[in-house]
Amino acid sequence: MVSNVVSPGMGLLSDDEDNPVFESTAAECGAGIRKALLSDFSVISPGLGHPPQSMPEESNDKVMVYVRIRPFVDGELEKKEDQGCVEVENEETLVLCAPKDSFAMKNTERGLGQSVHKFTFSQLFGPEVDQKQFFDGTMRQVVKDALNGQNWLIYTYGVTNSGKTFTIQGTSKDRGILPRSIALIFNSAQDRLYKSSDLKPLSNEVMWLDSKQVRQEELKKVSLLSNLREEELMTPLKRSGNESQVRAGTSVSFDSGIGGLSSTSQFVNQTCSQLEETCSRWNDQEVVSLQEAADVQLSIWVSYYEIYNEFVYDLLDFMPSGPNRKRTTLRLCEDRNGNPYVKDLTWINVHSAEEAWKILRVGRKNQSFASTHLNQNSSRSHSIFSIRILHMQGKNDLTPKISELSFCDLAGSERCKDQRSGDRLKEATNINTSLHTLGRCITVLRQNQQQKLRQNVVPFRDSKLTRIFQAYFTGRGKSCMIVNINQCASTYDETLYAMKFSAIASQLVQAPPVKVNIPSIQSLIKESTMLANRSYTDEEDADENSDEESEETDIAKFNREELLQVIENMKELIVKERQEKLNMEIQIRKEVCSEMMDMMQQQQKQHSESLEDERELLEEIYEGRLENLKESLTNYYKHELEERDERIEELEAALKEAMESVHSMPSQPRQKKKK
């Protein structure tokens, strides 16, 4: 069984927000899963107990799914929650054993399902693992990849009270993966930081700012940080009055575990201790190596937004005041390559880890929290904190490369029946819908990877959350899932559903990177020259293409012959593109017709089988009826014959007696005459 050692500060490991409980969601999701995927919902790894085998080349880059087990706290041990529900076989295999009062055990007793489930993930982290060990085992390589140009999405998932918020954010003294990632980024990029703010990411591109716009960006950041300072000055006074309202055993966090001031009445001591924690929080000097050229400079921008009731809100936007305040909703758009982005989202240029952490704290103040049935301070939205790194090659690089590292804290779901009405019911419904859509997308992606000839449409557009995740699941970047669970017997059923959902995600393969090349005028001219001369090598062609993408096109510098050549090349490209699309359409039509014919043949076969089964059933029924009729008639006539025989015997006996009486009657009168 998992060790019950409680690490220092683990009392805050209970989540500050309610996490997805896939009870109703998993049932709905399972209804649409093909039979071929049902094996993923039981023993996830068929090779458990056997030595690892070499995997196919395409499955070597599977989605990383990490599981972290929260230790017990004193209150849970007193309630006898320790019933051996969670067992760790090895670093990758987890075993769930249903307790006697769980819904899974009741189903097992009725002959439905099983009481023991095995799951295999990328790596398991027991309750004895601290924050630094977990970060080193999961995020260090991710941060290194982001610094070297790779896009990454980290999303956390777990049931209520499983330690999700503690894992991603931590506390002021025991930081989570997000602040540690921020610190590692700035420690590694110290000598390469781009000091100016004249480059800003917009959608998936970069815009150069003039001096006035740079000044506006700096004033925006100063305004955000000044509001945070005012909040820090007022927070101790507010919290000292609220401290008495906190009940024992209730999971309440006024600052959501992100390093705010503690509740005390001594204002000066608070401020000093906060400054000391602030200064010591980023003292880690660990770095990762960068693989880019020495003249590459890095500019780091951050954003923070939430998805609340299927609306996107900027958490770094100024909150309107007044009783009828209404926040501005943002729209999800797509760039020319089809990648989704949040339009008009606030991006802040940060030059230190402390600035980035303060920006996060500003956003946390604006996030949607509410008291629910299971959590008094529950997050009712999906929050996403993004770090964009601009990679600039020298001073004359007009189109820097962009890499992004995003942390998504999925909101917790509660059963809708626990929310009678009002805002909580609406929030729970939207949260369950978005999480259910995420499960459907992961399921369809897994199906498409298993059956490459017949690709199903992935329902990314059914929710805002999956639209944002779409790019990371389709080749624009990579994704990583962190699952937090607790060992409590009372939440076993929710933990089991979470494990089933996570197990499908662990079977996904990272999509290969997709790059869309749009030819420029220069590339078309050089392509025609290359086709005429046949003298360019592959390396020179690659270098030219990379230069062409970063240059501005000025049509005035080309002469008439070159432009005519461009037109001819464009015509050839259009004809080629149309031919490819026509061939694709023909192939799709053939596949659709073939699939339709297969479906019709299958339906005809099923109909014939059903008719045959019905005929056999009717024959069996009528044969039984004939047998019953035959038996009834046999018994009836047998009984009739027996009765006839008895009557015949009675008649024969009566006839015999009558004959005897007849013979005896004449002799008597003769005797009287003689006398």
- Item | Per-residue Cβ neighbour rank within 10 angstrom, fewest leading, 97, 333 | 333, 97
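Looking at this model, which pairs from 221/326; 80/118; 220/326; 144/164; 132/464; 581/605 are more than 26 angstrom apart at the alpha-carbon? Numbers along the way, then the final one.
Numbers: 221/326 23 Å; 80/118 24 Å; 220/326 21 Å; 144/164 23 Å; 132/464 33 Å; 581/605 35 Å.
Result: 132/464; 581/605 exceed 26 Å.
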- Query: Can you sort 181, 211, 490, 303 so the residue with the fewest Cβ neighbours within 10 Å comes first?
  - Reply: 211, 490, 303, 181
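May I ask you to sort 347, 152 by Cβ crowding, counting other Cβ atoms within 10 Å and putting the fewest first? Intermediate results must be reported in sequence, preceding the final value.
Details: 347 17, 152 22.
Result, fewest neighbours first: 347, 152.
Just so you know, all these numbers are worked out from the coordinates, no wet-lab data involved. Treat the numbers as computed from the prediction; the structure is a model and nothing was measured. Please note: Cβ atoms are built from the backbone with ideal geometry, for glycine as well, and neighbour counts cover all protein chains shown.
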